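Student: Encoded as structure tokens, here's the structure I'll be asking about.
The values are calculated or read from the model by the stated rules, or taken from the named source; none is laboratory data. Treat the numbers as computed from the prediction; the structure is a model and nothing was measured. We place every Cβ from the backbone using ideal geometry, glycine too, and count neighbours over all the protein chains shown.
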Amino acid sequence: MTADLTLPAWLTPDQRATLTALAERNHAAHGDDLLGILLSGSAGRDYATERSDVDVVVVLTDEAAATRSTVHSAEVDEAVDSWSELVDVPAFGTEGWWFRWTYAHAPVLLDRTGGELSDAARRQAVVAPEEADSILIDHDRLDGWINFAYRALKNDRDGRSVEARLDAAESVPWLLDVVFSIAGRVRPYNKYLPWELRHHPVEDWPADVLLGLLDRTLAGDPAAVRETFTRVRAVCASYDEWRGHTRTTDMIDGWGDELDVLAPR
């Protein structure tokens, strides 16, 4: 069983021992019903500290998974996926959506499906073009970001600094959904955002640029909100051209003269 595991080079001896024992235990319990194991969390991304535990996803046949549940301990978080759960890709806004980034850049330690498991895990973290359109337009993430940015700038204009900072801060999650959906990727958990941007760059959003804009936005800097709007508008125009429609551009233009407050000063 140990020889079947593919362990990343950065793991410590203790992490390797933990994962080997976990794999052998699951093999003993489930035999051929054990389809694979993925390493997620900080350990899976070479981002762990001395306080980090090891996060794994154990993939079992549907029948075997029905007898198991997630186990949390100080050393290991062992989530269990049935095969059906892994191949099903939850839509944005549904209960399973937020779990999809778990599979992003997560090393596959064991795949007994001839590569089907690895492919299914990759699909979880990818946003297809039609899905991106749905997130941006049907789920209003683009319009919602513009709304909060607009409100933040109006509050700043009217001397309401606390209100401006609150709206600016609330705009950030909407912005990140826009940025990553256009890039065809699931938005990372906040803890991993700098790591993701630096190790897996997003076109048109260099890590230092986006992180700098976010930092200034969270401080309520109106210039940062306006700079972000200018960049979003340009990215949306390129996205629409690539998709062969004008949906995001039309949504932005639908704000009409209200966009004046978002124009660079």
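Student: I'm told Ala234 meets every condition in (1) in contact with a helix residue (DSSP H, G or I) (Cβ under 8 Å, 6 or more places away or on another chain); (2) in contact (Cβ under 8 Å) with a residue 12 or more places away in the chain except one. Can you identify the failing condition by its number?
Tutor: (1)
Student: With respect to the numbered conditions (1) over 25 Å from Pro194 (Cα atoms); (2) in a strand (DSSP E or B), which one is the sole condition not fulfilled by Asp77?
Tutor: Only one criterion in (1) over 25 Å from Pro194 (Cα atoms); (2) in a strand (DSSP E or B) is unmet by Asp77, namely (1).
Student: With the requirement that a residue be hydrophobic (A, V, I, L, M, F, W, C) and buried (at least 17 other Cβ atoms within 10 Å of the Cβ), what does region 57-75 give you? Before the answer, list the steps.
Tutor: Kept after step one, since they are hydrophobic (A, V, I, L, M, F, W, C), are these residues of region 57-75: 57-60, 64-66, 71, 74.
Val57, Val58, Val59, Leu60, Ala64, Ala65, listed by residue number.
Student: Hey, can you tell me all the residues within region 72-118 that are hydroxyl-bearing (Ser, Thr, Tyr) and under 13 Å from the mean Cα position of the chain (by Cα)?
Tutor: Hits for region 72-118 are Thr102, Tyr103.
Student: Then there's this: Which count do you get for residues in region 55-74 that are in contact with an Asp or Glu (Cβ under 8 Å, 6 or more places away or on another chain), over 20 Å from Arg100 (Cβ atoms) and not in a strand (DSSP E or B)?
Tutor: Result for region 55-74: 5.
Student: Continuing with the same structure: Scan region 110-157 for residues that are free of Cβ contacts under 8 Å to residues at least 24 places away in the same chain and surrounded by 20 or more Cβ atoms within 10 Å (Cβ to Cβ) and jot them down.
Tutor: Residue satisfying the conditions is Asn155 alone.
Student: Checking the conditions here, which among Val209, Val235 is assigned by TED's automatic domain parsing to the domain that holds Pro194 and touching a strand residue (DSSP E or B) at 6+ places or on another chain (Cβ under 9 Å)?
Tutor: Values: Val209 fails: touching a strand residue (DSSP E or B) at 6+ places or on another chain (Cβ under 9 Å).
Unique residue meeting the criteria: Val235.
Student: Shifting gears a bit: Testing Ala183 on (1) in contact with a Gly (Cβ under 8 Å, 6 or more places away or on another chain); (2) within 24 Å of Asp240 (Cβ to Cβ), one condition comes back false. Which one is that?
Tutor: (1) is the only condition that Ala183 fails.
Student: I need a count of the residues in region 86-104 that are surrounded by fewer than 18 Cβ atoms within 10 Å (Cβ to Cβ), in contact (Cβ under 8 Å) with a residue 12 or more places away in the chain and not hydrophobic (A, V, I, L, M, F, W, C).
Tutor: 1
Student: Taking into account only those residues within region 173-222 that are in a loop (DSSP other than H, G, I, E, B) and charged (D, E, K, R), which is nearest to Ala234 (Cα to Cα)?
Tutor: Applying the first criterion (in a loop (DSSP other than H, G, I, E, B)) to region 173-222 yields 183-184, 186-189, 200-201, 203-204, 206, 219-221.
Filter again for charged (D, E, K, R), leaving 187, 203-204, 221.
Working: Arg187: 20, Glu203: 12, Asp204: 9, Asp221: 21 Å.
Only one residue fits best here, namely Asp204.
Student: Also: Right, Val225: aliphatic (A, V, I, L, M), part of a helix (DSSP H, G or I), touching a residue at least 24 places away in the same chain (Cβ under 8 Å) and in contact with a helix residue (DSSP H, G or I) (Cβ under 6 Å, 6 or more places away or on another chain) or not? Outline the logic, then answer.
Tutor: On the way: aliphatic (A, V, I, L, M): yes; part of a helix (DSSP H, G or I): yes; touching a residue at least 24 places away in the same chain (Cβ under 8 Å): yes; in contact with a helix residue (DSSP H, G or I) (Cβ under 6 Å, 6 or more places away or on another chain): yes.
Yes; evaluated as a whole, the condition is true for this residue.
Student: Hey, can you tell me all the residues within region 187-207 that are within 26 Å of Gly96 (Cα to Cα) and either surrounded by fewer than 17 Cβ atoms within 10 Å (Cβ to Cβ) or among the hydrophobic types (A, V, I, L, M, F, W, C) (or both)?
Tutor: Applying the first criterion (within 26 Å of Gly96 (Cα to Cα)) to region 187-207 yields 187-197, 199-202.
Scanning region 187-207 gives Tyr189, Asn190, Lys191, Leu193, Pro194, Trp195, Leu197, His199, His200, Pro201, Val202.
Student: Considering only residues that are farther than 19 Å from Thr113 by Cβ and either part of a strand (DSSP E or B) or polar (S, T, N, Q) (or both), which ones fall in region 13-50?
Tutor: Correct list: Gln15, Thr18, Thr20, Ser42, Thr49.
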